[in-house]
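To start, the structure itself, in structure tokens.
Readers should treat all values here as calculations from the given coordinates under stated rules, not as data from a laboratory. Quick caveat, the model's predicted, so the values are computed rather than measured.
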Amino acid sequence: MTTYTVKNGSSLHKAFKVDGGHQIVRAGEDGEVTTTSPLTEEQIDAYAADGVKVVEAKSKRDPLDHDADGKKGGTAAPKAEAKTEA
């Protein structure tokens, strides 16, 4: 699933296929949509031609949460190199 930020500048509501059905972004409003599959460049271009700006949302996950448990670090975190004195 992919999340998009949508700014609907058109005069028509736009529907996006999401898990369990469709999500509507009303005409003249903004929204965030998580689609069941990524939109193609052609789909994004078609929305843009209608005055709808669709941009993939940035990940909100903490880059230091390496095992996605909501805490920094974790078992997947890169290990620090051991320092040895010469």
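Does the stretch 2-56 come out rounded, prolate or oblate, given a ≥ b ≥ c as the square roots of the eigenvalues of its C-alpha gyration tensor, rounded meaning a/c under 1.5 and, failing that, prolate meaning a/b above b/c?
Oblate, since a/c reaches 1.5 and b/c is not below a/b.
List the relative contact order of the stretch 2-56 as a percent without decimals, with contacts defined as Cα pairs under 8 Å and 6+ residues apart.
For the stretch 2-56, the relative contact order is 46 percent.
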